[in-house]
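Student: Can you keep this structure in mind? I'll have questions shortly.
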Amino acid sequence: MNMIEPVAAAPDESPLTVPTLSEALTIPSSLEHVTPPAVSATRRPAARELASWRVLKMWVNGESLSEAVTVKLIGVHEGHSIVVTAPEDSSAFDLREGALYRFRSFSGESTYEFTAPLVRSCSEPFEYLHIGWPAQQHVEKRDLRAATRVKTELPCMVYPGTQANGRFVKGTISDLSTGGAAITLHDELTVFYDEVKIVFQVAVADQEMMIEARARPVRKPDDSGEQVMGVSFVALAPTEKMALHAFVNAGLVRELEIPLYARH
């Protein structure tokens with residue numbers, strides 16, 4: 001009878017042991033004191049990644065991104081089809097089965113863009129779209145840590161030298177990256193040196209930060225009268241580079257209409 005007693009005790013002990021999980025062998029006995037928030041926090045990164053991927057911009061292939069609509073990912077049949085929601089006002093968007101469309105989404109530190117055909121537009125039990133599986137060569141990936149440019153309308157001052165004093169010309173920065181900018185000059189800048197000074201402000205975390213960037217002209221206004229100058233920044237201060245990086249990334253996120261909480 002003594003041999004039977006351990007068998008009878010086994011059911012009472014089973015809730016305290018999980019023999020199928022190897023993690024139980026490495027978790028200390030103090031695990032029972034771990035609070036639920038700590039457990040949920042370890043699962044949060046995967047949820048964020050999923051949330052960011054669910055939002056895509058969709059526009060007709062060959063047209064501008066400004067014409068894009070927003071759709072959300074429903075599911076994926078790998079190698080065959082991608083299922084997304086229909087645009088909110090599908091009647092105002094040119095949806096044609098067999099036509100090619102471009103899509104852009106944001107995940108982690110990268111943006112992905114691809115071209116794929118609309119296979120089927122469905123209305124039951126709700127409106128959704130079957131998108132053809134994109135070929136590997138049609139998928140483009142851009143690293144946000146690279147010199148990504150965003151459209152802006154930032155007022156600036158351009159000094160024809162390395163010092164922010166004396167004569168200057170006002171301008172508007174039309175696109176900006178951590179590596180350089182395109183500037184539309186409001187007046188003619190007749191004198192050019194090897195370097196110029198670009199002074200402007202960017203809004204980061206609800207604060208205005210002044211940037212005084214040394215820059216090298218890589219494109220000067222031409223004789224056609226178009227007062228556009230391209231510059232490449234030279235030796236930005238660490239705080240200026242961080243501010244520009246944050247400003248450019250935030251601009252790209254706004255362009256994609258993806259909430260900041262979806263980022264890592």
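We did not get these values from a lab; they are worked out from the coordinates using the rules stated. This structure is a prediction, so every number in the text was calculated from the model and none was measured. No Cβ is skipped: glycine too gets one built from the backbone with ideal geometry, and neighbour counts run over all protein chains shown.
Student: Would you mind checking Lys57/Lys197; Lys151/Lys197; Lys151/Lys241; Lys57/Lys220; Lys141/Lys197 for any pair whose Cα atoms are more than 27 angstrom apart?
Tutor: Lys57/Lys197; Lys57/Lys220; Lys141/Lys197
Student: Let me ask you something else. Applying 1/(1 + (r/R0)^6) with R0 = 41 Å to the Cβ-Cβ distance of Ile74 and Val150, what FRET efficiency is obtained, to the nearest 0.05?
Tutor: After rounding, the FRET efficiency stands at 0.90.
Student: Within 13 Å, Cβ to Cβ, of Met210, how many net charges do the neighbouring residues add up to if Lys/Arg are +1 and Asp/Glu are -1?
Tutor: Values: positive: Lys197; negative: Glu208, Glu212, Glu240.
In short, -2.
Student: Follow-up. Calculate, for Arg167 and Ser121, the FRET efficiency according to 1/(1 + (r/R0)^6) with r their C-beta to C-beta distance and R0 41 Å; round to the nearest 0.05.
Tutor: About 0.10, to the nearest 0.05.
Student: Using per-residue counts of other Cβ atoms within 10 Å, averaged over each peptide, order 158-165, 99-106, 177-184 from highest down.
Tutor: So the order, starting with the most tightly packed, is 177-184, 99-106, 158-165.
Student: With each label point set 7 Å from Cα along the Cα-Cβ vector, what nm distance links Ser174 and Ser110?
Tutor: Result: 3.1 nm between the two label points.
Student: Here's another thing I want to ask about it. Can you give the extra length, in nm with one decimal, that the chain gains between Ser64 and Val83 once fully stretched, where that is 0.36 nm per residue apart less the Cα-Cα distance?
Tutor: On the way: separation 19, 0.36 × 19 = 6.84 nm, distance 2.29 nm.
Working it through step by step, the gained length comes to 4.5 nm.
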